[in-house]
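Step one of this worksheet: look at the structure below.
Rule-based calculations on the coordinates, nothing more; no lab input. This structure is a prediction, so every number in the text was calculated from the model and none was measured. When we count neighbours, we look across all protein chains shown, and the Cβ atoms used for this are built from the backbone with ideal geometry, even at glycine.
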Amino acid sequence: MTDVESLPSRGSVLDESGRQPGESVDDIVPTLNYAIRANNAAIRGDYTTCTPATYNPRERQLAYGRRGVMKLLEELSSGTLAQRIDAAMQLVELCHDPLRLAEALQHGVVSILNRVAAAETDLTMRQRSTELLLRIAAHAQGRDALLAETAFATLAGYFDENNDLVRRNVWGTIQLCTTSAHGVNEFVGMLLFPLIFPKLLTERLENQVLLLEILEQCLRHGRPSLVIREALDHHVMDALAALIKDDAPSAVKAAACRGIMALAFVPEGRAVAIAHPRAIDHLIVLLSDHKSAVRAAAAGALMIITIDVEGKRAVVRANAVVRLIAMLDDSSEAVLLNVLKLMTNMTEDYRGRLQLLPSVPTIQALADRAASRQNNNRQLLAAAEKAMEVIQWRP
């Protein structure tokens, strides 16, 4: 937690008013105000940031001309606390520009951040340094640099950080870096993947969504024999099933459904989902959710689960067909595609086929709309034609 003692030293000789000789009240008040705000933010544990009162971005944007980035990196590396905070804030603004980011990367901004962030005790500096890492990760060249400098090791030190904003920056940086197979392999290879499992149910909402996205990306891009086995061994399906309750926030439900879908891509994951006492029932309830993203994700998860025969039987027995037929009038293309593919899977169970036969005229009308000149949706048309073919099949 930040306190006054963590600020740059002002000397030990004070007069009766508590000031150093020759120091005015105006010199002290901004620094004390900053320390008080930093303490309050740390106590609240919220997303509040503590900006020094002396910070003026317009003055520094033009300072030092072409050497501006180099000067800021010098201050970030070896300046006083106030200088480091100011430099980090300026670099966050400058790194919106890919050219300035490339210059900062060329001069080793990531290695400097790794060194500074690893030993930082000031709350505001932790917030600003992780925010700068997040800004760097927003660019492809920045992500490559973060992976090359093994920034995951530095970020791992903040997994149990008390401040929510710092953790949000950390999870956001990892989420961006794990969008590629290379990033996932680095993350998993450093044995950090299992560390996010206990946090799926305990993080705050915004951070929770980021964690679920990291989980999904690792399951999709990582080696199935490694990442899915680790997830199953740590009972991640239980956590995901708990997050898809009907009263959960929509963003969490959609992300958790996508996590179940990624976990069910392998036979072991599908078997766990089918055997779970609540997963399929919760997914079927979400087919009627008011958010199209949730409906599409729930239908997609059920589509993967019904690849197995036991999955088809479980979904049919849970009376999902009635909901699926009602969803054929959905306005979302993603929902319709997943529903049609789910129907196609379910018709391989004879009870599912019998229940779906009355829906053929509705599917035909959907196919006609998809084939019309106005829509010309070939993907939706192909899915509708395949569903009708399988539903009407006779031995």
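Numbers for the structure displayed
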{"read-out": "Separation of alpha-carbon centers, region 195-211 and region 90-132, rounded to whole Å", "value": "25 Å"}
{"read-out": "Length released on extending from D160 to R278, taking residue separation times 0.36 nm less the Cα-Cα span", "value": "39.5 nm"}
{"read-out": "Percent RCO, i.e. relative contact order, over region 314-366, from Cα pairs under 8 Å lying at least 6 residues apart", "value": "40 percent"}
{"read-out": "Length released on extending from D247 to D233, taking residue separation times 0.36 nm less the Cα-Cα span", "value": "2.3 nm"}
{"read-out": "Where labels lie 7 Å past Cα in the beta-carbon direction, separation of E93 and A118 in nm", "value": "3.1 nm"}
{"read-out": "Zone residues, region 300-334, relative to K291, backbone N less than 18 Å from point 7 Å out along Cα-to-Cβ", "value": "300-302, 331-334"}
{"read-out": "Under 18 Å from K341, Cα to Cα: lysines that are on another chain or at least 8 residues apart", "value": "K312, K386"}
{"read-out": "Added length on full extension, which subtracts the Cα-Cα distance from 0.36 nm per residue, N319 to A138", "value": "60.8 nm"}
{"read-out": "Under 13 Å, Cβ to Cβ, from R313 - net charge with Lys/Arg +1 and Asp/Glu -1", "value": "+1"}
{"read-out": "Straight-distance crosslink candidates among lysines, where the alpha carbon sits under 18 Å from K245 and sequence neighbours closer than 8 are dropped", "value": "K199, K253, K291"}
